[in-house]
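The following block contains the structure, expressed as structure tokens.
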Amino acid sequence: MSEVPKITTYTGAAGGWGSVKSLLRQAKENGRPASVIRGLALQNKPDGFACVSCAWAKPAKPHPAEFCENGAKATFWELTPDRATPELFAKHTVEEMKGWDDYTLERTGRLTHPMRYDAATDRYVETSWEDAFRAIGRELKEIRAQDPKRTVFYASGRASLETSYMYALMARLYGNNNLPDSSNMCHESTSVGLAESIGQPVGSVRLSDFDQADAMFFFGQNPGSNSPRMLHQLQEAVQRGARIVTFNPLKERGLERFVNPQSPLQMTVEHATEISCQYHQVKAGGDIAAIVGMAKAVIEADDVDLAKGGSGVLDREFLAEHTQGAQAFIDYVRAQEWSELERESGLPRAAMTEAAGVYLTSKAVMGIYGMGLTQHKRGVETVQVLVNLLMLRGNLGRDGAGICPVRGHSNVQGQRTVGIAEKAHLVPLDRLAELYDFEPPREDGLSTVDACQGIIDGTVDAFIGLGGNFLRAVPEQRLMEEHWPKMRLTVQVATKLNRGHLFNGRVAYLLPCLGRTEIDRQATGPQTVSMEDSTSCFHGSRGFHEPASPHLLSEPRIVAELAKSCLEPNPKVPWDGWVANYATARDAIEATYPDLFKDFNARMHTPGGMEKPLPVRDRIWKTESGKAEFKLPGALSASFAEDGPDVLRLMTLRSNDQFNTTVYGYDDRFRGVDGTRMVLFLNRKEMARLGVREAEIVSLETVADDNVERRLDGLRVVPYDIPDGCTGAYYPEANGLIPLWQHAEKSKVPAAKSVPVRIVRSGTQAETA
Ligand SMILES: Nc1nc2c(c(=O)[nH]1)N[C@H]1C(S)=C(S)[C@@H](COP(=O)(O)OP(=O)(O)OC[C@H]3O[C@@H](n4cnc5c(=O)[nH]c(N)nc54)[C@H](O)[C@@H]3O)O[C@H]1N2
Ligand SMILES: Nc1nc2c(c(=O)[nH]1)N[C@H]1C(S)=C(S)[C@@H](COP(=O)(O)OP(=O)(O)OC[C@H]3O[C@@H](n4cnc5c(=O)[nH]c(N)nc54)[C@H](O)[C@@H]3O)O[C@H]1N2
Ligand SMILES: [Mo]
């Protein structure tokens with residue numbers, strides 16, 4: 001962090017030379033360009049490795065360099081020359097390291113040795129793998145003997161299909177479905193919402209649809225930072241005449257204009273493509289109202305057309321043959337007053353009508369969305385209302401049309417596909433019972449929010465983390481950190497040190513693993529792993545770099561050793577065989593899910609990916625009614641916040657220089673914030689109304705009457721183009737402000753995008769640059 005932060009206005013496009021400069025800065029800090037640059041050439045190639053950053057689709061005909069600024073940063077970050085060695089841990093107590101920020105913790109480099117937490121000295125000390133697995137196994141067995149439901153098996157969305165399959169099976173053999181994953185904080189609103197509405201828990205579009213769409217509606221997703229390779233598809237679409245309409249409280253640069261760093265011509269003249277033809281700064285939590293407003297304009301247009309003797313603008317054939325509940329939705333929409341829709345969305349009627357105009361004049365329409373829709377009280381309903389809008393004109397199961405949730409972690413969708421799920425009905429338990437000759441637990445397990453509650457209540461005794469930074473990513477940080485150490489056992493499988501590793505159960509281990517970019521050698525030679533992208537295509541991935549330390553084990557090996565340490569041997573479960581040859585683990589996946597993974601080993605390196613069947617593409621609806629279902633929202637506001645004179649809706653945001661809790665640096669280029677992450681965005685009108693000055697240092701307090709204090713100090717006020725009544729701060733710094741119970745009603749995704757807060761003034765002024 002620099003001494004004096006720089007706050008400016010960024011005028012450039014996304015991509016372009018800014019992107020190249022940022023990359024070079026990372027490369028320099030990384031100090032190892034040759035081996036890493038060799039790696040970048042292999043990124044997202046059919047014979048290379050799947051990027052460890054986002055889950056965006058990987059085209060069959062990749063660019064020579066099929067990576068983006070942030071994907072390259074992720075590779076650099078994993079292949080850093082720095083090492084967090086036992087010597088580092090000998091020098092610093094864990095208490096001391098709690099004073100380091102997220103950037104400094106990960107900047108210590110790759111973990112090199114298995115470490116045990118020693119409470120007497122408050123230090124991590126080196127241990128051997130044998131001792132670690134023996135001690136962990138002892139604890140896990142004892143807890144299991146008392147009650148297997150008191151252990152939680154968390155997964156961040158990065159682990160491969162092979163690892164994930166083994167991990168989920170381990171939990172079920174152990175005796176629970178306690179398999180929360182990062183998806184519980186992310187696109188669970190998608191998994192629940194789409195499954196109910198269209199009978200498929202994932203999106204319906206493939207990459208090829210981007211060549212055929214006439215219009216794309218973007219809600220609450222920021223491709224410029226979070227899925228930059230997607231900007232290529234958007235740019236190409238715009239260049240051939242497709243229209244993009246964006247709904248986002250913030251003017252995100254990637255959705256405004258883009259210069260493709262892969263195009264020499266565009267780079268020479270810095271010729272930017274305007275991405276969105278309309279940009280609507282909807283209020284946080286205002287999307288249900290905005291979408292209903294569009295639907296209202298569509299229905300009004302339909303009325304007009306019918307009155308003129310036309311056949312209407314709705315796809316009546318589709319509605320009749322394929323859907324249920326259309327009339328109820330149309331009646332609902334008619335009943336909503338424009339004034340209410342304007343108030344709840346924060347948009348004028350003309351904006352909603354104009355957006356509807358694009359919808360009505362497009363044959364193939366896509367609805368694309370991210371955390372701006374899913375992380376709200378009514379996140380599930382918001383997703384479903386977007387589906388309703390698409391269905392009015394038959395925009396499902398048609399080329400160039402469909403629903404497109406942009407998934408986060410590189411294999412988060414795949415983890416669900418192969419059994420990491422706390423909901424028992426999502427898993428073929430009978431098949432597992434038959435294959436492995438055991439009685440799987442049938443009761444639902446703990447989601448992320450449930451696991452947090454269990455940790456606070458003391459009903460969870462053990463936490464196993466397969467990657468991630470659970471304590472930092474979840475809400476209610478203060479209480480979580482306070483109660484976490486009461487657990488009997490905590491185990492973290494990780495590549496780098498993070499804050500979550502500094503809070504430990506009575507027995508605690510930090511187990512270092514290989515990253516996906518590294519060569520994974522097992523008994524039968526170097527191994528490949530596989531992932532599933534946002535468009536439901538599976539990809540093989542081969543590491544290319546020498547491991548960061550000779551002591552690292554692969555994730556499949558660690559999972560297998562954990563399983564063997566606490567479970568009785570089962571001749572049907574060849575843990576060691578799967579580790580010796582991951583292809584045999586893929587055979588097991590295929591045997592469990594024959595319809596999804598037919599000829600998996602033979603097809604996993606298909607250019608563009610091996611397609612998982614998506615029934616919605618063929619207009620097959622695996623819902624209860626056998627039809628696509630219109631669902632009605634419980635209210636027009638998606639937010640917990642009840643508007644009051646001093647209540648603001650806080651959005652917790654990602655910068656362009658982070659991957660979740662991993663902070664690469666302090667430069668949020670597109671938003672003009674450099675050198676600090678402790679900022680609070682407010683528009684000038686609100687600043688005047690609330691009486692706060694530019695660069696004033698303020699605190700935030702959550703507005704909730706549950707007698708829990710939630711406060712964040714030291715935020716610097718930054719004037720910003722953001723709707724009235726809304727404010728923004730960075731995730732994960734602001735996570736302590738989110739009450740655990742403020743989650744999406746139906747999916748339990750923490751409501752991180754409109755936390756009700758108020759500003760508390762202390763009268764301090766920051767230094768300005
Ligand atoms: N470089 C990088 N890439 C990433 C990640 C990362 O941290 N860094 N994270 C990965 C993960 S796990 C995920 S889930 C994805 C996340 O990627 P996104 O889904 O893009 O998530 P966010 O950046 O949290 O928020 C998205 C947008 O929602 C807007 N927004 C906030 N509230 C609302 C609202 O109420 N309505 C609307 N319409 N918009 C709103 C914000 O202004 C922001 O532009 O990216 C993945 N890729
Ligand atoms: N306020 C707020 N909170 C949020 C969000 C938000 O928008 N706002 N977003 C939510 C979302 S969408 C998500 S997905 C979660 C993310 O939650 P998590 O997935 O739990 O967190 P990450 O920050 O992605 O985890 C980073 C850590 O993963 C470890 N790691 C990296 N690579 C590997 C690997 O290959 N193997 C293993 N074993 N470990 C590895 C490293 O130690 C690194 O420190 O956060 C959620 N929390
Ligand atoms: Mo995510």
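The values are calculated or read from the model by the stated rules, or taken from the named source; none is laboratory data. Everything numeric here is computed off the predicted structure, so don't read it as measured data. In this analysis, Cβ positions are derived from the backbone assuming ideal geometry, glycine residues included, and neighbour counts consider all displayed protein chains. Surface accessibility is based on the protein's heavy atoms, side chains included, excluding ligands, DNA and RNA. Shrake-Rupley method; radii C 1.70, N 1.55, O 1.52, S 1.80 Å.
Results for (1) among the charged types (D, E, K, R); (2) surrounded by fewer than 21 Cβ atoms within 10 Å (Cβ to Cβ), shown as yes or no for each residue.
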residue: Arg671; (1), (2): yes, no
residue: Arg677; (1), (2): yes, no
residue: Glu694; (1), (2): yes, yes
residue: Arg711; (1), (2): yes, yes
residue: Gln765; (1), (2): no, yes
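Any residue in region 127-142 that is in contact (Cβ under 8 Å) with a residue 12 or more places away in the chain, within 28 Å of Cys54 (Cα to Cα), of a type outside the set (A, V, I, L, M) and out of contact with any strand residue (DSSP E or B) (no Cβ under 6 Å at 6 or more places or on another chain)?
Within region 127-142, not a single residue is in contact (Cβ under 8 Å) with a residue 12 or more places away in the chain, within 28 Å of Cys54 (Cα to Cα), of a type outside the set (A, V, I, L, M) and out of contact with any strand residue (DSSP E or B) (no Cβ under 6 Å at 6 or more places or on another chain).
Quick check: is even one residue across region 18-35 open to solvent by less than 10 Å² (accessible area, probe 1.4 Å) and out of contact with any Pro (no Cβ under 8 Å at 6 or more places or on another chain)?
Checked against the condition, which is being open to solvent by less than 10 Å² (accessible area, probe 1.4 Å) and out of contact with any Pro (no Cβ under 8 Å at 6 or more places or on another chain), region 18-35 yields no hits at all.
From the list Gly402, Gly397, Gly367, exactly one residue is away from ligand 2 (no atom under 16 Å from the Cβ) and over 23 Å from Ser183 (Cβ atoms). Which is it? Write out each step before concluding.
Working: Gly402 fails: over 23 Å from Ser183 (Cβ atoms); Gly367 fails: over 23 Å from Ser183 (Cβ atoms).
Exactly one of Gly402, Gly397, Gly367 is away from ligand 2 (no atom under 16 Å from the Cβ) and over 23 Å from Ser183 (Cβ atoms), namely Gly397.
Can I ask one more? Looking only at residues that are open to solvent by less than 20 Å² (accessible area, probe 1.4 Å) and not small (Gly, Ala, Ser) in region 69-85, which one is nearest to Ser227 (Cα to Cα)?
Of all residues in region 69-85, those open to solvent by less than 20 Å² (accessible area, probe 1.4 Å) come to 69-76, 78-80, 84.
Keeping just the survivors that are not small (Gly, Ala, Ser) gives 69-70, 73, 75-76, 78-80.
Details: Glu69: 10, Asn70: 8, Lys73: 13, Thr75: 15, Phe76: 17, Glu78: 18, Leu79: 21, Thr80: 22 Å.
My answer is Asn70.
Can you pull out the strands (runs of 3 or more DSSP E) entirely within region 94-186 that have at least 1 residues that are more than 16 Å from ligand 3 (Cβ to nearest atom), open to solvent by 10 Å² or more (accessible area, probe 1.4 Å) and closer than 24 Å to Lys564 by Cβ?
Details: elements: 115-118, 123-126, 151-155.
Those strands (runs of 3 or more DSSP E) span 115-118, 123-126.
Checking Arg716 against (1) of a type in the set (Lys, Arg); (2) open to solvent by 40 Å² or more (accessible area, probe 1.4 Å); (3) outside any loop (DSSP other than H, G, I, E, B), only one condition comes out false. Which one?
Every condition holds for Arg716 apart from (2).
Within region 560-617, track down each residue that is of a type in the set (D, E, K, R) and surrounded by fewer than 18 Cβ atoms within 10 Å (Cβ to Cβ).
Within region 560-617, the first condition is being of a type in the set (D, E, K, R), and the residues that meet it are 561, 564, 568, 572, 576, 586-587, 590, 595, 598-599, 603, 611-612, 617.
Across region 560-617, the qualifying residues are Lys564, Glu568, Lys572, Asp576, Asp587, Glu590, Asp595, Lys598, Asp599, Arg603, Glu611.
Out of (1) assigned to a helix (DSSP H, G or I); (2) away from ligand 2 (no atom under 12 Å from the Cβ); (3) in contact (Cβ under 8 Å) with a residue 60 or more places away in the chain, the odd one out for His483 is which?
Every listed condition holds for His483 apart from (3).
Looking at Ser339, Ser311, which one is closer than 18 Å to Gly357 by Cα and either open to solvent by 30 Å² or more (accessible area, probe 1.4 Å) or not in a helix (DSSP H, G or I) (or both)? Break it down into steps so the answer makes sense when it comes.
Numbers: Ser339 fails: closer than 18 Å to Gly357 by Cα.
Just a single option satisfies the conditions, and that option is Ser311.
Take Ile288 and tell me if it is surrounded by fewer than 21 Cβ atoms within 10 Å (Cβ to Cβ) and closer than 16 Å to Leu632 by Cα.
Working: surrounded by fewer than 21 Cβ atoms within 10 Å (Cβ to Cβ): no; closer than 16 Å to Leu632 by Cα: yes.
So Ile288 fails the test.
Sort out which residues of region 488-503 are under 22 Å from Arg150 (Cα atoms) and either surrounded by fewer than 24 Cβ atoms within 10 Å (Cβ to Cβ) or within 12 Å of ligand 2 (Cβ to nearest atom) (or both), and write them in order of number. Working first, answer last.
Of all residues in region 488-503, those under 22 Å from Arg150 (Cα atoms) come to 488-493, 500-503.
Once the filter is applied, which keeps residues that are under 22 Å from Arg150 (Cα atoms) and either surrounded by fewer than 24 Cβ atoms within 10 Å (Cβ to Cβ) or within 12 Å of ligand 2 (Cβ to nearest atom) (or both), region 488-503 yields Arg488, Leu489, Val491, Gln492, Val493, Gly500, His501, Leu502, Phe503.
Let me ask another. How many residues does region 187-209 contain that are assigned to a helix (DSSP H, G or I) and under 17 Å from the mean Cα position of the chain (by Cα)? Give the derivation first.
Step one: of region 187-209, the residues assigned to a helix (DSSP H, G or I) are 188-198, 207-209.
Narrowing further to those that are under 17 Å from the mean Cα position of the chain (by Cα): 188-194.
Count: 7.
Got a sec? Which of Cys513, Cys452 is more than 30 Å from Thr584 (Cβ to Cβ), hydrophobic (A, V, I, L, M, F, W, C) and more than 16 Å from ligand 1 (Cβ to nearest atom)?
On the way: Cys513 fails: more than 30 Å from Thr584 (Cβ to Cβ).
Exactly one of Cys513, Cys452 is more than 30 Å from Thr584 (Cβ to Cβ), hydrophobic (A, V, I, L, M, F, W, C) and more than 16 Å from ligand 1 (Cβ to nearest atom), namely Cys452.
Which one is nearest to Glu344 (Cα to Cα), of the residues in region 595-641 that are in contact with a strand residue (DSSP E or B) (Cβ under 9 Å, 6 or more places away or on another chain) and within 16 Å of ligand 1 (Cβ to nearest atom)?
Applying the filter and picking the extreme gives Ser639.
Determine, yes or no, whether Leu234 is more than 15 Å from ligand 3 (Cβ to nearest atom), open to solvent by 10 Å² or more (accessible area, probe 1.4 Å) and touching a residue at least 12 places away in the same chain (Cβ under 8 Å).
Numbers: more than 15 Å from ligand 3 (Cβ to nearest atom): yes; open to solvent by 10 Å² or more (accessible area, probe 1.4 Å): no; touching a residue at least 12 places away in the same chain (Cβ under 8 Å): yes.
The answer is no for Leu234.
Another one. Kindly indicate whether Leu502 is of a type in the set (A, V, I, L, M) and in contact with a strand residue (DSSP E or B) (Cβ under 8 Å, 6 or more places away or on another chain). Walk me through how you get there before you give the answer.
Details: of a type in the set (A, V, I, L, M): yes; in contact with a strand residue (DSSP E or B) (Cβ under 8 Å, 6 or more places away or on another chain): no.
Taking the combined requirement at face value, the residue does not satisfy it.
For Tyr664, all conditions in the list (1) open to solvent by 30 Å² or more (accessible area, probe 1.4 Å); (2) within 26 Å of Glu29 (Cβ to Cβ) hold save one; what is the number of the exception?
Going through the list (1) open to solvent by 30 Å² or more (accessible area, probe 1.4 Å); (2) within 26 Å of Glu29 (Cβ to Cβ), Tyr664 breaks only (1).
Quickly run through region 721-758 and pick out the residues that are part of a loop (DSSP other than H, G, I, E, B), more than 15 Å from ligand 3 (Cβ to nearest atom) and not aliphatic (A, V, I, L, M).
If the condition is that a residue be part of a loop (DSSP other than H, G, I, E, B), more than 15 Å from ligand 3 (Cβ to nearest atom) and not aliphatic (A, V, I, L, M), then Asp721, Pro723, Asp724, Gly725, Glu733, Pro739, Trp741, Gln742, Glu745, Lys746, Ser754 are the ones that fit.
Which residues, counting only those in region 527-549, are under 21 Å from Pro405 (Cβ atoms) and among the aliphatic types (A, V, I, L, M)?
Here is the first cut: in region 527-549, the residues under 21 Å from Pro405 (Cβ atoms) are 530-539.
Met531, the sole residue that qualifies.
All but one of (1) within 16 Å of ligand 1 (Cβ to nearest atom); (2) not in a helix (DSSP H, G or I) hold for Ala289; state the number of the condition that does not hold.
Checking Ala289 against (1) within 16 Å of ligand 1 (Cβ to nearest atom); (2) not in a helix (DSSP H, G or I), the one that fails is (2).
Scan region 195-205 and tell me whether some residue there is open to solvent by less than 10 Å² (accessible area, probe 1.4 Å), away from ligand 2 (no atom under 16 Å from the Cβ) and within 24 Å of Gly672 (Cα to Cα).
no
Any chance region 301-321 includes a residue that's modelled with pLDDT of 95 or more and in contact with a strand residue (DSSP E or B) (Cβ under 7 Å, 6 or more places away or on another chain)? Spell out how you get there, then give the answer.
In the first step, residues of region 301-321 are kept if they are modelled with pLDDT of 95 or more; the result is 301-321.
Adding the requirement that they be in contact with a strand residue (DSSP E or B) (Cβ under 7 Å, 6 or more places away or on another chain) leaves none.
Scanning region 301-321 turns up no residue that is modelled with pLDDT of 95 or more and in contact with a strand residue (DSSP E or B) (Cβ under 7 Å, 6 or more places away or on another chain).
What's the number of the condition Asp181 fails, among (1) at positive phi; (2) within 15 Å of ligand 1 (Cβ to nearest atom); (3) not polar (S, T, N, Q)?
Exception for Asp181: condition (1).
Of all residues in region 408-426, which are under 16 Å from the mean Cα position of the chain (by Cα) and open to solvent by less than 10 Å² (accessible area, probe 1.4 Å)?
Result: Ser410, Asn411, Val412, Gln413, Gly414, Gln415, Ile420, Ala421.
May I pose another question? I'm told His376 meets every condition in (1) closer than 30 Å to His539 by Cα; (2) within 16 Å of ligand 3 (Cβ to nearest atom) except one. Can you identify the failing condition by its number?
(1)
Quickly run through region 57-74 and pick out the residues that are touching a Ser or Thr at 6+ places or on another chain (Cβ under 6 Å), assigned to a helix (DSSP H, G or I) and not acidic (Asp, Glu). Don't jump to the end; show me each part of the working.
Quick first cut of region 57-74, residues touching a Ser or Thr at 6+ places or on another chain (Cβ under 6 Å) only: 57, 69-71, 74.
From what is left, the residues that are assigned to a helix (DSSP H, G or I) are 69-71, 74.
Asn70, Gly71, Ala74, listed by residue number.
How many residues are within 17 Å of Ser637 (Cα to Cα) and not in a helix (DSSP H, G or I) if we restrict to region 363-421?
4
Something else now. Hey, can you tell me all the residues within region 314-336 that are of a type in the set (Ser, Thr, Tyr) and surrounded by fewer than 19 Cβ atoms within 10 Å (Cβ to Cβ)?
As a first pass, look at region 314-336 and keep what is of a type in the set (Ser, Thr, Tyr): 323, 332.
Once the filter is applied, which keeps residues that are of a type in the set (Ser, Thr, Tyr) and surrounded by fewer than 19 Cβ atoms within 10 Å (Cβ to Cβ), region 314-336 yields only Tyr332.
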